[in-house]
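The values are calculated or read from the model by the stated rules, or taken from the named source; none is laboratory data. These numbers were taken from a predicted model, which means no experiment stands behind them. Cβ sites come from the backbone with ideal geometry, for glycine too, and all protein chains shown count toward neighbours. All accessible areas refer to the heavy atoms of the entire protein, side chains included, with ligands and DNA or RNA removed. Shrake-Rupley method; radii C 1.70, N 1.55, O 1.52, S 1.80 Å.
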Amino acid sequence: MNLKPVAILLNLLLLIVPASASYAGDKPLQTVIHDEHHGGLDFSLGDSKYSGELTYNKSYMVNFSVNPPAGSSIKVAKAYVYWVWSKKDLEGIYPQFNASLTSSGTTVPLPEGHMYTDTKGFVSRYDYFSGMNTCDLSGKIPKPGSYSISLVNADKNGSTFCVQGIGLLLVYEDPKSPIIEYWIGEGCDMLYADYGITPEVATTTTYFKGDINLDNVTDARLITVSPSGGYSSGREARNKLFFNEKTSSIPVLGDIIQLLFGSGKSWENIYQTNETVQVALDEKPVADYLEPAENFASIQDKGDYLLATNEILVLKFKESESSEKMSS
């Protein structure tokens, strides 16, 4: 029996999802940076903790320790603000805040960045907005040290929101380090396998486009971030991460197809948060599961509710690959 037509049919069937369900994976994360050079990449949540409700003029701050290798320079610096329950009275509204960066006693205002948002998308008293704001810190973190990112609710008209945490992404250039290649995906997709939404529908997928010489890869990391994962419903974690593995609504047949045709990997219940720490940061080694082209990662909710906001793939190459890339 040729199982390839069955696999194709299954994948086509899984594409038929309710377009109006915002608890579905309907806002896939997009690659905003794809680059390669000598250096490294770090992602941190610092000492992020849940803020509680921020009213007008109330502030929130997260501290970070920046320690890039000696002799390196910061090429990319981005902050990510994860927020929920943005509302005015009983109406969902986008948050208004001013952000700043402090180091060595000096505070500088931060430019307004991109806002990604999602809601559950059906009529309800509590259809409040959740999302992530990005902020470009290029040139503002020039050296190692302690840095603090702060924000203040700037809406005099009475809207409120809660901050789950702040992430700091740093990509540095270092001539003494191997070549890395990286894809930085960001966005906000609200996922919840409930209200008639199945786990297969409550799945969002990010594609890392481009060809890879697998023979020259020495390391590969998949970094993902999920605010609320494993906590909001008050039940134990019910989520799943896939790398180069298709999801299937027919478990037994799906397992057979994966064994015959797939080389990917999946992990159960990896996002764990609580009342204090409400942003889950995960890093997985994925070198053994890479494909030569069109790699992808999927985040799936299985009944605990979560946001998918960041998916980053980082590859490290042998010196031979480094020499070839730098001379080409």
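Let's see how each residue does on (1) closer than 22 Å to Tyr207 by Cα; (2) at pLDDT below 95:
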position: Pro251; (1), (2): no, yes
position: Ser263; (1), (2): yes, yes
position: Pro285; (1), (2): yes, no
position: Lys316; (1), (2): yes, no
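For the stretch 106-121, how many residues meet the condition of being in a loop (DSSP other than H, G, I, E, B), at pLDDT below 95 and open to solvent by less than 80 Å² (accessible area, probe 1.4 Å)?
Total satisfying the criteria: 5.
In the stretch 93-105, which residues are in a strand (DSSP E or B) and under 16 Å from Leu54 (Cα atoms)?
Of everything in the stretch 93-105, those that are in a strand (DSSP E or B) and under 16 Å from Leu54 (Cα atoms) turn out to be Phe97, Asn98, Ala99.
Matching residues to (1) basic (Lys, Arg); (2) under 29 Å from Ser72 (Cα atoms); (3) touching a Pro at 6+ places or on another chain (Cβ under 8 Å); (4) without any contact (Cβ under 8 Å) to a residue 24 or more places away in the chain:
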residue: Lys156; (1), (2), (3), (4): yes, no, no, no
residue: Phe161; (1), (2), (3), (4): no, no, yes, no
residue: Ile179; (1), (2), (3), (4): no, yes, no, no
residue: Thr198; (1), (2), (3), (4): no, no, no, no
residue: Thr205; (1), (2), (3), (4): no, no, yes, no
residue: Asn216; (1), (2), (3), (4): no, yes, no, no
residue: Thr224; (1), (2), (3), (4): no, yes, no, no
